[in-house]
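Visitor: Sharing a structure here in structure tokens format.
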Amino acid sequence: MNIGEAARKLGVDPAALCPASAEPRFTEVWERMRQGPPCSACGQPSRTSGVVHDPVHGPRWLDRRRDCFLATPAILRQPLSQAVMNIREAAAEVGLRAVLHTDEDGWQDELRG
Ligand SMILES: [Zn+2]
């Protein structure tokens, strides 16, 4: 599901979310996640952040803790290998080394970037 569908599934009111850039750079998203805002759905410390594009309220941050994130899985719009490469590039952009685990082979492969 996309992030808007995730917000609806979690019962999040877009009006209650913080305004965000329409298309934030990864560094903005990373900084948001580093701040650890409360989960938009349950109020527990969040682990992921993304932007919901609400037609009435505009772009808003949707922050999710692990369980809320896993309850609203994303659909990849590109091959997994491309997504992994994009994540590696984004991590390198902020000076991090990415160690990624995928489920292509039953969560047994580790892809190092
Ligand atoms: Zn939550």
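Visitor: Keeping to the range 63-90, report how many residues are within 16 Å of the ligand (Cβ to nearest atom) and among the acidic types (Asp, Glu).
Guide: Going through the range 63-90 one residue at a time, the tally reaches 2.
Visitor: Given (1) surrounded by fewer than 17 Cβ atoms within 10 Å (Cβ to Cβ); (2) touching a helix residue (DSSP H, G or I) at 6+ places or on another chain (Cβ under 8 Å); (3) assigned to a loop (DSSP other than H, G, I, E, B), where does residue 77 come up short, assuming only one miss?
Guide: Result: residue 77 passes all but (2).
Visitor: Give the residues of the range 4-62 that are part of a loop (DSSP other than H, G, I, E, B), within 16 Å of the ligand (Cβ to nearest atom) and among the small types (Gly, Ala, Ser), sorted by residue number.
Guide: Passing the criteria: 11, 36, 40, 41, 43, 46.
Each value in this text was obtained by applying a stated rule to the coordinates, not by laboratory testing. Note that the coordinates shown come from a computational prediction; the quantities given were computed from them, not determined experimentally. Here Cβ is always computed from backbone atoms with ideal geometry, including for glycine, and neighbour counts include all displayed protein chains.
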